[in-house]
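J.: Below is the structure I would like to discuss, written out as structure tokens.
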Amino acid sequence: MTNPSSQADKAGDASSRLGGFFRTKTIEQSIRDTDEPDSKLRKDLTAWDLTIFGVAVVVGAGIFTLTARTAGDISGPSISLAFVFAAIACGLTALCYAEFASTVPVAGSAYTYSYATFGELAAWIIGWDLILEFALAVSVVAKGWSQYLGELLGTGPITLFGSVTFDWGAVVLIAVLGVLLATGTKVSSRVSAVAVAIKLGVIALVIVVGLTYFKSSNLSPYIPPSEPGERGQGLEQSLFSYLTGAGNSTYGWYGLLAAASLVFFAFIGFDVVATAAEETKNPQRALPRGILGSLLIVTVLYVAVSLVLTGMVHYSELAGKDATLATAFAIHGDTWVKNIISIGALAGLTTVVMVLYLGQTRVLFAMARDGLLPRKLAHTGKHGTPVRITALVGVVCAVLAGFVDFGALEAMVNIGTLFAFVMVAVGVLILRRTRPDLPRGFRVPFVPLLPILAVLSCLWLMLNLSVETWLRFLVWMAIGVTVYFAYSRRNSMLRKTSAT
């Protein structure tokens with residue numbers, strides 16, 4: 001009988017000899033690389049740890065701010081249904097991540113999956129894309145954490161040299177979390193568990209107190225009549241609007257669908273769980289449970305909070321106020337809830353930054369181990385963590401968070417994430433055809449229907465991002481391709497191996 005692993009190696013070697021950016025790295029080789037003594041990650045995580053990471057990164061300040069703002073300005077009470085629609089779209093992608101993560105339990109997430117399916121150049125582009133996603137996300141969320149801290153302490157960023165603003169709170173947070181991540185992922189998981197418990201307690205309090213003001217009449221009409229909305233101008237309008245000339249609207253069915261596109265981004269982050277695959281015990285079972293379990297938990301939380309919010313006050317009282325959950329309580333005279341919500345937001349954002357930081361280091365670790373970045377960065381220390389990469393990411397993100405005002409750049413996090421989602425969904429289809437022999441701890445049902453639906457839903461959401469976001473994304477990708485041909489292609493370990 002022919003050994004499937006041997007067949008895969010031969011196929012991988014043949015693919016490598018094709019040269020250039022079509023070289024693919026076999027699943028077997030990716031798994032063998034995890035045993036290199038100098039770059040071996042410690043397996044400490046369980047399905048419970050992964051679920052905590054998933055909840056930690058997805059449930060952030062968005063639940064305290066995005067929900068009220070979207071309900072007031074876009075959807076009305078149907079915000080709860082918008083969360084369900086968004087969860088379905090996100091769940092389709094989560095199924096694809098779960099199959100890949102159980103099949104290829106290697107650090108790197110979408111980067112590693114792309115290397116096995118699309119080839120080296122596509123893998124590099126995805127890795128470069130994830131660098132953008134995580135680095136910006138860590139820095140942006142750290143600045144948000146600092147703002148909530150300032151509200152509690154009555155402080156804020158300081159001014160240096162007369163005009164330079166330094167956000168010291170964001171820098172301190174990144175530095176502390178960097179030390180925790182360098183110490184070990186198990187320690188990070190325990191810290192996340194405490195922070196998650198705090199923010200879930202705050203959310204439970206919000207729901208319980210909010211229910212005392214609940215009136216079913218506030219939910220009517222559940223889908224308010226459509227109203228004309230402001231139309232974006234120039235590069236600030238969505239790509240869909242730019243291409244079709246279609247206008248935007250508020251409320252109605254279009255408002256509901258627009259809200260689903262917006263609140264989808266409240267779910268972004270569950271994919272980070274897949275980056276910890278190499279540090280997971282029994283990844284074939286634990287990873288699907290961690291990814292899908294965390295998504296289910298946060299969906300229930302989002303729907304519950306949105307129902308309570310829109311039952312507390314009429315949606316029209318939240319419109320045009322840049323509303324938050326605290327706004328709804330302030331309408332009823334409960335201003336004390338604002339401080340409670342700030343504590344929950346601080347705990348929430350702490351874990352978001354930590355898990356995004358973890359994701360960034362693991363993607364860079366996988367790229368460095370493959371030679372697409374300097375191999376020395378893939379060295380692991382005595383705690384079984386990539387200390388050098390952790391320090392490098394910490395310095396870069398601290399500088400960005402400390403001194404840069406991101407503004408519209410935040411939207412680049414979204415387009416980077418959605419692009420990775422599309423590649424993973426397509427990759428499942430390719431790997432099912434090219435490697436049907438691979439053992440899969442979890443299989444996406446109804447293939448090819450569900451992966452195709454995942455691709456279409458993500459592409460639709462990408463079309464709803466602004467033209468300027470698309471242009472910036474294309475510039476970043478062009479820089480990445482230049483770096484690949486200038487350095488990564490020549491130093492690829494797969495290229496060196498196939499040349500011997």
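J.: Could you figure out which of (1) more than 25 Å from the chain's Cα centre (by Cα); (2) on the phi > 0 side of the Ramachandran plot isn't true of Gly384?
T.: With respect to (1) more than 25 Å from the chain's Cα centre (by Cα); (2) on the phi > 0 side of the Ramachandran plot, Gly384 is out only on (1).
J.: Condition first: surrounded by fewer than 19 Cβ atoms within 10 Å (Cβ to Cβ), β-branched (Val, Ile, Thr) and assigned to a loop (DSSP other than H, G, I, E, B). Now tell me which residues in region 435-454 satisfy that.
T.: The one that is surrounded by fewer than 19 Cβ atoms within 10 Å (Cβ to Cβ), β-branched (Val, Ile, Thr) and assigned to a loop (DSSP other than H, G, I, E, B): Val447.
J.: Shifting gears a bit: I'd like the residue in region 1-43 that is in contact with a His (Cβ under 9 Å, 6 or more places away or on another chain) and assigned to a helix (DSSP H, G or I) and, out of all such residues, is modelled with the lowest pLDDT.
T.: Ser39
J.: Pairs under 9 Å by beta carbon, first residue under 18 Å from Lys40 (Cα atoms) and in contact (Cβ under 8 Å) with a residue 60 or more places away in the chain in region 182-203, partner surrounded by 23 or more Cβ atoms within 10 Å (Cβ to Cβ) and among the acidic types (Asp, Glu), six or more apart or different chains?
T.: Thr185/Asp49; Thr185/Glu279; Lys186/Asp49; Lys186/Glu279
J.: Name the residues in region 150-170 that are crowded, with 20+ Cβ neighbours inside 10 Å and of a type in the set (A, V, I, L, M, F, W, C), would you?
T.: Passing the criteria: only Ala170.
J.: What pairs can you find where one residue is in region 158-177 and closer than 29 Å to Val355 by Cα, the other is at pLDDT below 90 and charged (D, E, K, R), and their Cβ atoms are less than 6 Å apart, with a gap of 6+ or different chains?
T.: Asp167/Lys143; Ala170/Lys143
J.: Of the residues Gly384, Gly333, Gly371, Gly394, which single one is touching a residue at least 40 places away in the same chain (Cβ under 8 Å), closer than 27 Å to Glu151 by Cβ and surrounded by fewer than 24 Cβ atoms within 10 Å (Cβ to Cβ)?
T.: Being touching a residue at least 40 places away in the same chain (Cβ under 8 Å), closer than 27 Å to Glu151 by Cβ and surrounded by fewer than 24 Cβ atoms within 10 Å (Cβ to Cβ) holds for just one of Gly384, Gly333, Gly371, Gly394, which is Gly394.
J.: A follow-up question, please. Let me spell it out: the conditions are (1) of a type outside the set (Val, Ile, Thr); (2) modelled with pLDDT under 75; (3) under 23 Å from Arg388 (Cα atoms); (4) in contact with a strand residue (DSSP E or B) (Cβ under 6 Å, 6 or more places away or on another chain), and Glu236 meets all of them except one. Which number is the exception?
T.: Result: Glu236 fails condition (3) only.
J.: Still on this structure, please answer the following. So, in region 271-289, of the ones that are in a helix (DSSP H, G or I) and among the polar types (S, T, N, Q), which residue ends up farthest from Val363 (Cα to Cα)?
T.: Filtering region 271-289 for residues in a helix (DSSP H, G or I) gives 272-275, 277-279, 283-289.
Right, trim to among the polar types (S, T, N, Q) and you get 275, 284.
Values: Thr275: 7, Gln284: 20 Å.
Filtering first and then ranking leaves Gln284.
J.: Still on this structure: Considering each of Phe365, Phe329 in turn, give the residue that is at pLDDT 90 or above and either assigned to a helix (DSSP H, G or I) or of a type outside the set (Phe, Trp, Tyr) (or both).
T.: Exactly one of Phe365, Phe329 is at pLDDT 90 or above and either assigned to a helix (DSSP H, G or I) or of a type outside the set (Phe, Trp, Tyr) (or both), namely Phe365.
J.: How many residues does region 253-262 hold that are of a type in the set (A, V, I, L, M) and either out of contact with any helix residue (DSSP H, G or I) (no Cβ under 8 Å at 6 or more places or on another chain) or surrounded by 24 or more Cβ atoms within 10 Å (Cβ to Cβ) (or both)?
T.: Adding up the residues that qualify gives 2.
J.: While we're on this one: Consider Thr335 against the criteria (1) assigned to a helix (DSSP H, G or I); (2) over 21 Å from Thr70 (Cβ atoms): it satisfies all of them except one. Which criterion is unmet?
T.: (1)
The values are calculated or read from the model by the stated rules, or taken from the named source; none is laboratory data. All values derive from a computational prediction rather than experimental measurement. A quick note on method: Cβ atoms are made from the backbone with ideal geometry, for glycine too, and the neighbour counts reach across all protein chains shown.
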